[in-house]
Structure formats: C-alpha cells, structure tokens
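What follows is calculated from the coordinates using simple rules that are stated; it is not laboratory data. Everything numeric here is computed off the predicted structure, so don't read it as measured data. Cβ placement follows ideal geometry from the backbone for every residue including glycine, while neighbour counts extend to all protein chains displayed.
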C-alpha cells in the first residue's frame with residue numbers, strides 16, 4: 001500500500017501500545033499478536049491451503065459463523081483458520097471448535113503480511129462486513145488468492161466515496177467478489193467502478209434463526225419468570241441505556257428485568273445492584289429455588305444473551321447512545337418488539353424495523369417511558385409489534401446459502 005497508509009497503521013499500532021499501559025483490552029491485543037506467528041508455526045500444516053476467515057470482533061464473528069459452519073458441514077476435510085482483531089471477540093471464541101486454528105491478526109504492515117501469508121498459504125480469504133486492510137488485500141491479490149467480502153454494507157459517507165478516497169478505493173478492486181447486504185451498496189460501488197458485486201443479504205439473519213432453533217433453557221431464568229406478568233430483557237447495555245431502563249423498572253412493579261450488560265467487572269456489577277430499588281441478584285449467585293423472589297437478574301456470565309431473549313415480551317438492545325446499536329436481530333427473531341437508542345444509522349435492519357413497526361428508537365427518558373407505557377398497556381399492540389419483528393427476520397433468511405453457492409467451487413477438500 002501507499003507509504004502514508006503504512007505510516008497511519010504504524011501510528012495506530014503506537015497508539016495501541018501507549019493505551020496498553022492502562023487499558024487491559026489493548027494489552028491483550030498486543031500480547032495476542034506477539035504470539036501469532038509462533039502459534040501458526042506450531043498449529044498449522046506446513047502445506048497450507050487454509051480457508052482464512054477474518055472478523056473484527058464478536059459481532060462480526062456471529063455474522064460469519066453461519067458460513068463457517070456450512071463450509072465445515074459440506075467440506076469436513078477443509079482446513080479453516082479464523083482470525084480476530086479485537087480481544088472482545090478472540091477471548092470469547094478462541095476455543096471455537098468448527099475451525100482448525102484461531103488467533104489474532106497482526107497489524108497490517110508489509111512485513112507482518114508477508115510472514116502471515118507465508119505461514120497460512122491460504123487457498124481463499126473471506127473478510128466479514130467492514131474489514132478492509134490494504135496490505136493484506138493487495139498481497140492476496142498478488143498471490144492469486146480468491147478473496148471475498150461477505151455481508152458488506154456501504155454508505156455514502158464512507159471514505160471510499162469521497163474525492164480524496166482514491167487510495168482506499170483501490171482496496172476494493174482486490175476482492176474477487178463483494179457480497180453486499182443491499183442494492184444501495186451495489187449502486188454505490190457501481191458509481192466508483194467496482195463491478196464484482198453481488199447482493200446476497202446479511203448472514204446475521206441466518207445466524208439468529210439458527211440460534212432460536214437451538215436456544216438454551218436456563219433453570220434459574222425459568223424460575224425467575226415463572227411468576228412474572230411481563231419480562232423485559234436488556235441486552236448488551238451501557239450506562240446511558242441503563243439510565244432509561246433502571247428508573248422505569250424501579251417504578252413499575254409489574255415488570256421483571258433481565259439485564260445483560262455489554263461489559264462487566266466487579267465495580268460495574270456492584271454499581272448496577274446499588275441502583276436497583278427492587279429485589280435483584282446476580283445470575284452466578286442465584287439458585288433456582290430463590291430466583292422467583294427476585295424482580296431483576298443481572299447476567300454476569302458470557303454467552304447467554306442470544307438465548308435469553310426468549311424469556312422476554314420486549315427487549316431493549318444497548319449501544320444506541322454510543323458508537324451504534326448491538327445486534328437487534330437476536331431479539332427480534334423471538335417475535336418481540338425491540339427498543340434502542342438514536343445511533344442506529346449504520347444499521348439497515350433498524351431502519352427497516354422502525355419503518356414497519358417492529359422496533360422503536362428512543363432518545364430520552366420521556367420517549368422511553370411513552371413507548372414502554374403503550375407496549376405494556378396495549379397487549380394487542382405489543383403482540384402485533386412482535387409479530388412484525390419476527391416476520392421481518394423470516395423474510396431475510398438465505399444469505400449464507402447464496403454466498404456459499406458462489407464460492408464453493410474455490411474450496412479444496
């Protein structure tokens with residue numbers, strides 16, 4: 001790539017190194033990357049031929065997971081390498097058993113790129129959604145490796161479509177095919193002469209449908225909701241989301257609450273507990289025999305949320321007061337209405353669900369209370385909103401199979 005791009009990546013690496021002094025996530029990233037090459041030498045077959053799938057974090061992993069598992073079912077002998085950039089994805093899925101190896105992706109610098117690809121010798125590379133790393137993409141193209149982007153989505157505000165975005169546009173020419181979520185993305189790419197594009201939809205819909213089919217039951221939660229008139233599930237919440245839900249919960253005794261914060265440590269959990277004015281407990285410390293006595297359970301265990309939405313009659317998904325909402329499809333698939341904050345502009349499913357009446361966006365406590373009051377007082381409105389959300393998910397299934405049908409002839413067993 002361009003020298004300025006490499007300087008930018010080096011500066012980013014330096015910033016992460018500086019942040020790692022106080023930030024545990026940054027430190028984990030650097031420590032993990034430092035082990036990548038030794039791990040690959042030890043773990044991979046020297047003959048290579050790996051299907052390399054790269055995701056940024058946990059959300060993108062869930063987006064790529066349906067394709068990974070379809071490839072594994074159809075080609076059990078294929079070798080698959082999964083890489084992460086973020087610790088929040090790697091730490092949760094480092095033992096994922098549907099691939100042959102899992103590691104951090106080193107920073108996109110020329111020396112790292114050559115060493116990584118020399119060890120992996122990929123037969124194919126798949127990047128999920130937003131991942132565009134110029135040196136990796138150019139070197140994959142130079143080596144003749146079929147390279148795909150799946151569930152990608154493009155917006156006019158992205159750098160690719162700016163007058164000064166020429167260097168970044170060159171990255172897009174490195175892909176064999178970009179499988180995009182919608183026609184708008186295809187038209188945007190066509191406008192900058194990127195033609196190797198197919199509209200296939202979003203694999204997240206397939207993932208949440210599969211999760212619903214396999215949804216786990218939790219004895220503690222079964223008992224918790226056994227005497228509930230109404231249960232709200234708050235998933236992947238941050239403080240601004242909780243600032244709306246907790247006061248409402250405290251003053252509405254007819255509602256029970258399952259609260260799953262996006263991140264938690266002891267201090268955060270204690271602070272949440274202190275704000276509750278009704279009986280509340282931590283999931284890890286609650287037994288089935290006493291769960292029904294609580295009005296709120298705070299989830300302090302990873303890996304439960306996608307199954308927890310099945311217990312709710314409505315949900316609030318966090319992130320909408322920060323960089324963007326988390327996965328609202330995980331909740332909508334269960335046929336319940338979903339609330340979220342105002343920062344949803346990057347998510348087409350949020351716009352669609354608001355437009356059709358399956359979801360609601362709220363910007364402040366007054367709006368939140370108004371939506372909640374109506375949903376709780378008008379049971380037909382609640383039911384209808386949930387049914388709309390479920391139908392929306394069902395109508396968007398099938399992206400995984402469409403993508404697989406296009407790439408399967410590149411897969412070497």
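Given R0 = 51 Å, the distance between the Cβ atoms of residue 12 and residue 213 translates into a calculated FRET efficiency of 0.80. Neighbour counts of other Cβ atoms within 10 Å put 280, 356 in the fewest-to-most order 356, 280.
Please give the FRET efficiency for residue 293 paired with residue 243, using the beta carbon to beta carbon distance and R0 = 35 Å, rounded to the nearest 0.05. Walk me through the intermediate numbers first.
On the way: r = 26 Å, r/R0 = 0.75.
Efficiency for this residue pair is about 0.85.
Under 8 Å for C-alpha pairs, at least 6 residues apart: give me the relative contact order for the chain, rounded to a whole percent.
Details: 730 pairs, mean separation 56.5, N = 413.
Reported relative contact order: 14 percent.
The distance linking the stretch 243-299 with the stretch 31-60 is 39 Å (Cα centroid to Cα centroid, whole angstrom).
Sorted by mean Cβ packing within 10 Å, highest first, what order do the peptides 253-263, 360-370, 122-132 take?
122-132, 253-263, 360-370
Round to the nearest 0.05 the FRET efficiency obtained for residue 409 and residue 251 when R0 = 51 Å and r is the Cβ-Cβ distance.
Numbers: r = 60 Å, r/R0 = 1.17.
The calculated FRET efficiency here is 0.30.
Computed extension gain for residue 21 through residue 192, at 0.36 nm per residue and net of the alpha carbon distance, reaches 57.4 nm. Each of residue 37 and residue 304 was given a label point 7 Å from its Cα along the Cα-to-Cβ line. The distance between the two points is 4.2 nm. In degrees between 0 and 90, to the nearest 10, how far off the longest principal axis of the chain does helix 110-120 point, with axes built from Cα atoms? The answer is roughly 90 degrees.
A full extension of the chain between residue 380 and residue 130 corresponds to an added length of 86.1 nm, given 0.36 nm per residue minus the alpha carbon distance. For the peptides 13-20, 228-235, 47-54, residues were scored by their other Cβ atoms within 10 Å and the scores averaged per peptide; the highest-first order is 228-235, 47-54, 13-20.
Ranked by the mean number of other Cβ atoms within 10 Å of their residues, highest first, the peptides 192-199, 136-143 fall in the order 136-143, 192-199. The angle between the Cα long axis of helix 58-74 and the main principal axis of the chain comes to about 70°, on a 0 to 90 degree scale.
Helix 365-377 and the longest principal axis of the Cα set of the chain meet at an angle near 70°.
What is the stretch 211-394 by shape, rounded, prolate or oblate, if you read a ≥ b ≥ c off the alpha carbon gyration tensor as root eigenvalues and call it rounded for a/c under 1.5, prolate for a/b larger than b/c, and oblate otherwise? Don't skip to the end; give the middle numbers.
Working: a/c = 1.44, a/b = 1.32, b/c = 1.09.
Rounded shape, in that the Cα axes give a/c under 1.5.
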